[in-house]
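A short worksheet on the structure shown next.
Values quoted throughout were computed directly from the atomic coordinates according to the rules given, and no laboratory measurement underlies them. Given the structure is predicted, the values throughout are model-derived calculations rather than measurements. Don't worry about glycine lacking a Cβ; one is built from the backbone with ideal geometry, like all the others, and counts go over all protein chains shown.
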Amino acid sequence: MSITAKQITHIARLARLKTDSEHAVFYASQLSRIMDLVEQMNQINTDDIEPMSHPQDMALRLRADEITAPDQRAAYQAIAPATQDGFYLVPKVIE
Amino acid sequence: MMYEKTLSEHGAALRNRKYSSIELTQHYLDRIDRAAELNAFITVTHELALEQARHADRKLKNNQGTALTGIPVAHKDLFCTKGVLTTCGSKILGNFVSPYDATVVDKLNSQGMVSLGKTNMDEFAMGSSTETSYYGPVKNPWNPARVPGGSSGGSAAAVTAGLVPVATATDTGGSIRQPAAFCGLTGIKPSYGRVSRYGMVAFASSLDQAGVLARNAGDAALVLQSMSGFDPRDSTSLQLEIADYPGQLNDSISGKIIGLPKEFFGNGVDGDVADAIDQSIRQLQSMGARTVEVELPNSAVGIPCYYVIAPAEASSNLSRFDGVRYGFRAAGYADLNDMYEKTRAKGFGPEVQRRIMIGTYVLSSGYYDAYYLKAQKLRRMIADDFSRAFEQCDLIAGPTTPTTAFVFGEKNDDPVAMYLNDIFTNAANLAGLPAISIPAGFDRQKLPIGLHLIGKYLDESTILNVAHQFQNQTDWHLQTPVEIGQWRHD
């Protein structure tokens, strides 16, 4: 199965990965090889098979709605690239 | 030699004051410094280790020590360690000092173990050679021209070279067992849900499981027992009593039935590896185990199935690395999207970007059913194959890997060739089963060979018991590479 450089550009945008035309060509050839491997799945008929998303077939556990974690905002923000007044700073998104 | 002792021997010596934890810790720290060429560690915490050792010595002096108090350990660099760098082998976490400890770290700390530092690994645990680490590849102590396996290559090389007596590791598709095989160690991945994933940087959440790289099954049993148990902070952690792994090591294996899947003994397995595995099976038979041929008919599609599910989960998990809350942020961006894209493109290495893109692709509109849903159906069939096989046997055996350790660069240009390393290991992750690799011989180049034992769900005890009994009758696990600095490079 062949993945084109144009598809790579689209996938990379979905995945928020900056790419240029040279990289897109490089990744297109590698991902095409990987998808050839993936295509081997089609050797096997999976009609009427229940999909398995997880090794544990069980419902997620619930817990009492109580506060269990202390406020650690200062500790968590100390390792952020940019903060101000307790907020995380990002480039302006609303004009 | 001090570094060849078992954890029980270290524990007894510490409790009897033959040597102190400070002396033991300093011994290993010196070895780490002398073996810097292996690149097994990303961070060595000299001072913190000595402080923990002093604390352990106080406990031991007051007879408050446990079996593990004062014994050094190293953590794979994807376990969060409070106040200590946790990079996950990536540039994007190159400055990440975790504000909290992973449950595994917390549990071993509370046993009084002394952490020597954080071991090198494939970036985000994506790799089978430790060559994708941003911090440089790890060398195999048996032959530094060869890879130690991966992704837990730093933990494996460190234990093999006697830089630490035991190390934590994680296994998503074989990342404990394949390096154990390549380095001649005992490496166990327990059943999914046994060990808390809290504080482990997530790769593929339905496959990831923490375990141990050790010199023998007894050591692995001791540490695994201390690591495992229910954790309310991990929603997939099982609410079960902790099994007595060390207590069951000495059971007789007479009458145990070992399933041999014909799919694990076919073409593609190197001749020396096949011979060593055959010989190991005969050894187990001579100890009273019986063998039966079983079938795992869908194992051929395990690799393609895995390389859809793991990247799909990874693409979702790794979306958290955005340059906003922690870690690296690229400089010079026009707007928010540009900041995300530049941060991620510069922060992630090529293998991680490949897997994020594969995962994004198989989950994207129009492809979900053909790839992701198809892989989930195959996952069910692979798990059902194991259930059927285990109706006939107590455990399953085969080679851990088709070959011994390969040379650097050999599979770097071809991701598919690298992925085939997991051919025998990743089915246990897909099905959530416990599995162990133990030393089973050497090839003609004196490179270790691993015997792979897969157990029933939640039955780590049987594979540890069989591994321990095998090690009572063989000496493969006692062999060590030449001393630090005398390595051959061919």
Whole-Å distance linking the alpha carbon centroid of segment A:21-95 with that of segment B:302-320 is 9 Å
For B:Asn267 and B:Arg320, extending 7 Å from Cα along the Cα-Cβ vector and measuring point to point gives, in nm, a value of 4.4 nm
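What shape does segment B:70-165 take by its C-alpha gyration tensor, where a ≥ b ≥ c are the square roots of the eigenvalues and a/c under 1.5 counts as rounded, a/b above b/c as prolate, and the rest as oblate?
Working: a/c = 2.56, a/b = 1.27, b/c = 2.02.
Note, shape of segment B:70-165 comes out oblate.
About its Cα centre, what dipole magnitude does segment B:203-341 give when the only charges are +1 on Lys and Arg Cβ and -1 on Asp and Glu Cβ, stated in debye to the nearest 20? Kindly include the intermediate steps, with their values, before the conclusion.
Details: 9 positive and 19 negative charges, 50 e Å.
Once rounded to the nearest 20, the dipole reads 240 debye.
I'd like the per residue volume of the convex hull spanned by the Cα atoms of segment B:29-128, given in cubic angstrom.
Per-residue hull volume (Cα only) is 107 Å³.
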Note on the protein assembly as shown, DSSP bridge orientation, antiparallel percent to nearest 5 equals 75 percent
Applied in sequence order to segment B:241-246, the curve 6.51 cos²θ - 1.76 cosθ + 1.60 (Karplus, θ = phi - 60°) yields integer Hz couplings, x standing for Gly and Pro, of 5, 6, 5, 8, 4, x
Check: C-alpha center segment B:13-87 vs C-alpha center segment B:412-427, spacing in Å is 34 Å
For chain A, the percent of all C-alpha pairs falling in each 10 Å bin, from 0 up to the bin holding the max distance, is 11, 18, 19, 27, 22, 3
Listed by chain and number, the lysines with an alpha carbon less than 23 angstrom from that of B:Lys411, same-chain partners under 8 positions apart left out, are B:Lys91, B:Lys139, B:Lys446
Here segment B:7-12 yields Karplus 3J(HN,Hα) values (6.51, -1.76, 1.60; θ = phi - 60°; whole Hz; Gly and Pro given as x) of 5, 5, 5, 4, x, 5
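Report the calculated FRET efficiency for B:Asn16 and B:His46 (r = Cβ-Cβ distance, R0 = 30 Å), to the nearest 0.05.
On the way: r = 26 Å, r/R0 = 0.88.
The formula returns an efficiency of 0.70 here.
Hey, can you rank B:431-441, B:231-241 by average C-beta count inside 10 Å, highest first? Walk me through the numbers before you get to the answer.
Numbers: B:431-441: 27.5, B:231-241: 15.4.
Sorting B:431-441, B:231-241 by mean packing, highest first, produces B:431-441, B:231-241.
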For segment B:453-463, Karplus-derived ³J(HN,Hα) couplings (6.51, -1.76, 1.60; θ = phi - 60°; whole Hz; x for glycine and proline) come out as 10, 10, x, 5, 3, 6, 9, 5, 4, 5, 5
In whole µm²/s, the translational diffusion coefficient that Stokes-Einstein assigns to the protein assembly as shown, given a Kirkwood hydrodynamic radius over C-alpha pairs, 20 °C and 1.002 mPa s, equals 89 µm²/s
Placing each pseudo-label 7 Å from Cα in the direction of the beta carbon, A:Lys6 and B:Ile242 end up separated by a distance in nanometres of 5.9 nm
Per the helix-only model, chain B has a calculated mean residue ellipticity at 222 nm (DSSP H runs of ≥4, -39500 (n - 2.57) each, divided over all residues, rounded to the nearest 500) of -11000 deg cm²/dmol
Yeah, chain B with a ≥ b ≥ c from its alpha-carbon gyration tensor (a/c under 1.5 is rounded, else prolate when a/b outruns b/c, oblate otherwise) is rounded
Checked segment B:292-433 against the a/c 1.5 cut and the a/b vs b/c comparison, axes a ≥ b ≥ c from its Cα gyration tensor; verdict prolate
One finds the C-alpha centres of segment B:222-249 and segment B:465-490 to be spaced, in Å, by 28 Å
Expressed in angstrom and ordered largest first, the alpha-carbon extents of segment B:30-87 along the principal axes are 38, 26, 19
